[in-house]
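Peer 1: Just passing along the structure, written as structure tokens.
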Ligand SMILES: [Zn+2]
């Protein structure tokens with residue numbers, strides 16, 4: 001008997017969101033498959049520059065998931081912020097608003113506010129769980145997961161190298177996940193992978209995590225749950241390292257260092273003058289044990305204050 005894969009069963013539809021003068025509106029692609037409870041939503045690309053990598057992980061999931069394994073309903077939002085993706089930017093250039101600070105949105109608002117309202121209306125209604133794929137994008141690679149109260153099992157199922165306590169951030173219900181939680185959903189937010197020579201392995205690793213998480217929710221029959229993905233190291237509050245001036249960034253650690261712990265004082269990268277290459281600033285590991293949650297793996301032109309590393313200390 002040949003296998004029918006979930007990738008061939010998804011019903012894709014377009015929801016039109018008011019946009020710019022030339023195009024008038026932009027299409028938000030919403031996928032759905034299965035019926036009944038429980039209902040899970042997997043989203044990617046809420047931030048446009050992170051989008052294609054998360055969408056790819058969703059596709060890898062659909063290609064390996066036999067349709068008969070589905071036990072409830074799965075909703076998919078692979079390009080949650082289409083105009084931001086088109087601009088390879090965090091936010092849609094039309095209004096510059098951060099979609100992940102715009103929930104629950106406004107039907108009579110600006111483009112990003114209308115987009116948030118459409119996501120609430122078309123994708124979030126009645127969901128039991130939300131898995132939001134962030135991180136890993138066009139300029140950085142990441143290796144962690146946000147651990148929310150009530151969503152711990154989901155976060156553990158993803159099995160990122162590191163987990164960060166999301167409740168400690170004190171964010172109001174303005175992001176996709178924090179808003180969904182006020183509606184009673186279990187949530188997790190994944191920050192893994194990104195552009196580079198290992199991007200396919202990260203996409204597969206995220207797809208494995210998604211499959212385990214969907215089994216936890218019960219959207220994939222629980223007896224189909226794949227083997228545990230290994231344990232994740234919990235870390236304390238994160239610290240962002242940013243250059244104090246603009247310049248050219250030269251990495252010392254490359255993409256194979258993401259998700260590892262390095263000794264304090266390890267040289268991570270340098271900021272140099274764009275013409276003379278004189279070293280202006282050196283980035284070093286600030287903690288005795290420094291967990292590398294986000295890094296820039298390649299040469300880049302940076303402005304003062306650009307996010308360059310996210311680091312933390314292992315907890316406990
Ligand atoms: Zn993001």
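Peer 1: Any idea how many residues of region 98-118 are outside any helix (DSSP H, G or I), within 16 Å of the ligand (Cβ to nearest atom) and buried (at least 18 other Cβ atoms within 10 Å of the Cβ)?
Peer 2: 2
Peer 1: Confirm whether residue 223 is outside any loop (DSSP other than H, G, I, E, B), out of contact with any helix residue (DSSP H, G or I) (no Cβ under 9 Å at 6 or more places or on another chain) and either at pLDDT 95 or above or under 30 Å from residue 72 (Cβ atoms) (or both).
Peer 2: no
Peer 1: Could you tell me which of the residues 46, 42 is within 16 Å of the ligand (Cβ to nearest atom), part of a strand (DSSP E or B), within 26 Å of residue 86 (Cα to Cα) and touching a residue at least 60 places away in the same chain (Cβ under 8 Å)?
Peer 2: Of 46, 42, the one residue that is within 16 Å of the ligand (Cβ to nearest atom), part of a strand (DSSP E or B), within 26 Å of residue 86 (Cα to Cα) and touching a residue at least 60 places away in the same chain (Cβ under 8 Å) is 42.
Peer 1: Limited to region 119-142, what total is found for residues that are touching a strand residue (DSSP E or B) at 6+ places or on another chain (Cβ under 6 Å), within 15 Å of the ligand (Cβ to nearest atom) and either in a strand (DSSP E or B) or over 21 Å from residue 259 (Cβ atoms) (or both)?
Peer 2: Selection size over region 119-142: 6.
Peer 1: Condition test on residue 237, is it under 28 Å from residue 168 (Cα atoms), in contact with a helix residue (DSSP H, G or I) (Cβ under 8 Å, 6 or more places away or on another chain) and either modelled with pLDDT under 95 or assigned to a loop (DSSP other than H, G, I, E, B) (or both)? Give the derivation first.
Peer 2: Values: under 28 Å from residue 168 (Cα atoms): yes; in contact with a helix residue (DSSP H, G or I) (Cβ under 8 Å, 6 or more places away or on another chain): yes; either modelled with pLDDT under 95 or assigned to a loop (DSSP other than H, G, I, E, B) (or both): yes.
Yes: the conditions hold for residue 237.
Peer 1: Pick from 236, 230, 170: which is more than 18 Å from the chain's Cα centre (by Cα) and under 28 Å from residue 79 (Cα atoms)?
Peer 2: Every option except 170 fails the conditions.
Peer 1: Here is a follow-up. Here is a check on your reading of the model: is residue 64 assigned by TED's automatic domain parsing to the domain that holds residue 180, surrounded by 14 or more Cβ atoms within 10 Å (Cβ to Cβ), over 14 Å from the mean Cα position of the chain (by Cα) and at pLDDT 95 or above?
Peer 2: Here the answer is no, as residue 64 does not meet what is asked.
Peer 1: Next up: For region 166-177, give me each residue that is within 20 Å of residue 237 (Cβ to Cβ) and either modelled with pLDDT of 95 or more or more than 14 Å from the ligand (Cβ to nearest atom) (or both).
Peer 2: Let us first name the residues in region 166-177 that are within 20 Å of residue 237 (Cβ to Cβ), namely 166-172, 175, 177.
Of everything in region 166-177, those that are within 20 Å of residue 237 (Cβ to Cβ) and either modelled with pLDDT of 95 or more or more than 14 Å from the ligand (Cβ to nearest atom) (or both) turn out to be 167, 168, 170, 172, 175, 177.
Peer 1: Here's another thing I want to ask about it. Would you pick out the residues in region 53-92 that are over 16 Å from residue 210 (Cα atoms) and part of a helix (DSSP H, G or I)?
Peer 2: 68, 82, 83, 84, 85, 86
The values are calculated or read from the model by the stated rules, or taken from the named source; none is laboratory data. Computed from a predicted model, the values in this text were never measured in an experiment. Quick reminder, even Gly has a Cβ in these numbers, built from the backbone with ideal geometry, and neighbours come from all protein chains shown.
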